[in-house]
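Participant: This is the structure, below, for whatever I ask next.
The values are calculated or read from the model by the stated rules, or taken from the named source; none is laboratory data. Predicted model only: the values in this text are computed from it and were never measured. Backbone-built Cβ (ideal geometry, glycine too); neighbour counts: all protein chains shown. SASA here: full protein model, heavy atoms, side chains in, ligands and nucleic acids out. Shrake-Rupley method; radii C 1.70, N 1.55, O 1.52, S 1.80 Å.
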Amino acid sequence: MKQLLPSALSFTHSLIKEVVQVGDTVVDATVGNGHDTLLLAECVGETGHVIGFDIQKIAIETTQDKLNEAKLAHRVSLYHKGHEEINTVLSSSTDLSVVVYNLGYLPKGDKNIITTPKTTLKSIEQALNHLKSKGMVLLMIYYGHEGGETEKDAVLDYVKQLPQNEFSVLQYQFINQTNSPPFLIAIEKR
């Protein structure tokens with residue numbers, strides 16, 4: 001029998017598929033190994049666009065290879081930049097339907113290179129300013145590493161302060177699992 005409660009990552013992917021429409025512009029703020037970038041490229045269709053960021057060159061290269069193999073590279077622009085530089089790439093009039101984050105470190109990569117509260121909060125603030133009505137910021141928070149708890153706490157403190165008349169904020173998390181299971185913060189613009 002199928003598990004009825006999806007993992008945080010599966011739930012994130014179902015939200016992406018629900019929210020992103022053909023023709024939309026979306027951001028993968030931390031492309032990592034390219035899995036979310038590829039999903040977003042499929043969802044935006046031929047007329048949409050994905051903008052991806054990562055501070056690690058290997059992440060950009062791995063993602064580009066995945067996109068080339070899937071013949072979807074023409075739908076994506078990748079930037080070897082930190083996610084806090086969203087505003088250096090987007091015009092002030094760019095409306096986004098989804099911005100996806102995987103916070104922590106690059107799986108199978110250097111665990112000393114991590115996302116940080118300072119850059120993450122700056123990026124989230126910029127993302128929210130570009131979000132269209134009913135658009136979402138989706139934050140997968142991996143925090144079982146050095147520095148992870150600090151970033152998790154900073155993000156939670158920030159999103160709890162978002163005005164409820166402008167945003168709905170959901171925390172999706174299993175609370176009886178060991179080893180710091182990742183969880184989702186979903187922010188929907190009203």
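Participant: Say we look at segment 1-50 and pick out the residues that are of a type in the set (Ser, Thr, Tyr) and in contact with a helix residue (DSSP H, G or I) (Cβ under 7 Å, 6 or more places away or on another chain); which of these is surrounded by the most Cβ atoms within 10 Å (Cβ to Cβ)?
Facilitator: Checked segment 1-50; the qualifying residue surrounded by the most Cβ atoms within 10 Å (Cβ to Cβ) is Thr37.
Participant: Can you pull out every residue in segment 145-165 that is open to solvent by 60 Å² or more (accessible area, probe 1.4 Å) and either in contact (Cβ under 8 Å) with a residue 40 or more places away in the chain or touching a strand residue (DSSP E or B) at 6+ places or on another chain (Cβ under 9 Å) (or both)?
Facilitator: Result: Glu146, Lys160.
Participant: Output the residue which, of all residues in segment 63-79 that are on the phi < 0 side of the Ramachandran plot, open to solvent by 40 Å² or more (accessible area, probe 1.4 Å) and not acidic (Asp, Glu), is nearest to the chain's Cα centre (by Cα).
Facilitator: This residue is Tyr79.
Participant: Can I ask one more? Go through segment 6-34 and give me each residue that's in a helix (DSSP H, G or I) and in contact (Cβ under 8 Å) with a residue 24 or more places away in the chain.
Facilitator: If the condition is that a residue be in a helix (DSSP H, G or I) and in contact (Cβ under 8 Å) with a residue 24 or more places away in the chain, then Ala8, Leu9, Phe11, Thr12, His13, Leu15, Ile16, Lys17, Val19 are the ones that fit.
Participant: What are the residues in segment 36-62 that are of a type in the set (Val, Ile, Thr), in a loop (DSSP other than H, G, I, E, B) and over 15 Å from the mean Cα position of the chain (by Cα), if any?
Facilitator: Thr47
Participant: I've got another one for you. State which residue pairs qualify: first residue among the aromatic types (Phe, Trp, Tyr) and inside segment 112-133, second residue modelled with pLDDT of 95 or more and open to solvent by less than 40 Å² (accessible area, probe 1.4 Å) in any location, beta carbons under 6 Å apart, and separation of 6 or more residues or different chains.
Facilitator: Pairs found: none.
Participant: If you don't mind, there's one more thing I want to ask. Considering Asn112, Asn129, which residue is out of contact with any His (no Cβ under 9 Å at 6 or more places or on another chain), closer than 25 Å to Glu61 by Cα and open to solvent by 90 Å² or more (accessible area, probe 1.4 Å)?
Facilitator: Asn112
Participant: Continuing with this model, one more query. Filtering segment 166-190 down to residues that are under 21 Å from Gln21 (Cα atoms) and either aromatic (Phe, Trp, Tyr) or open to solvent by 80 Å² or more (accessible area, probe 1.4 Å) (or both), which residue is farthest from the chain's Cα centre (by Cα)?
Facilitator: By that ranking, first place goes to Arg190.
Participant: Follow-up question, since we're still on this one. List the number of the failed condition for Ala29; all other conditions in (1) of a type outside the set (D, E, K, R); (2) more than 15 Å from the chain's Cα centre (by Cα); (3) more than 28 Å from Asn176 (Cα to Cα) hold.
Facilitator: (2)
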